[in-house]
1. Could you point to the residue in Gly54, Thr41, Ala20 farthest towards the positive end of the chain's charge dipole, with +1 and -1 charges on the Cβ of Lys/Arg and Asp/Glu respectively?
2. State the dimensionless ratio Rg/Rh of the chain (Rg: radius of gyration of Cα atoms; Rh: Kirkwood radius).
3. Return one number: the angle in degrees, 0 to 90 and rounded to the nearest 10, between the long axis of the Cα atoms of helix 15-24 and the longest principal axis of the Cα atoms of the chain.
4. Would you mind working out the magnitude of the charge dipole of the chain relative to its Cα centre, with +1 at each Lys and Arg C-beta and -1 at each Asp and Glu C-beta, to the nearest 20 Debye?
Amino acid sequence: MTRRFVRRIDLADDAAVIAACEAAHASGHTPPEVLASQRRTGVVEVEIYRHGSGLEVSDTSAASAIG
């Protein structure tokens, strides 16, 4: 069994802020310490979508990590 958690993050409606956020969250740019933390806490998948000036972050956690 897995659980999915979804969060909505509203960004400043500023093209430079949104571009910086997209670059930081681009595939392959996740810092190793973030990946290690996700693995320790049971996160098996993360998806990030941009909607206008906001982000929707969805992560799936393994049942063994859910208390």
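1. Going by the charge dipole, the pick is Thr41.
2. Values: Rg = 13.4 Å, Rh = 13.1 Å.
Answer for the chain: 1.03.
3. Approximately 30 degrees, to the nearest ten.
4. On the way: 7 positive and 9 negative charges, 77 e Å.
Approximately 380 debye in magnitude.
Every number here is computed from the coordinates shown, using simple stated rules; none is lab data. Keep in mind it's a predicted model, so treat the numbers as computed, not measured. When we count neighbours, we look across all protein chains shown, and the Cβ atoms used for this are built from the backbone with ideal geometry, even at glycine.
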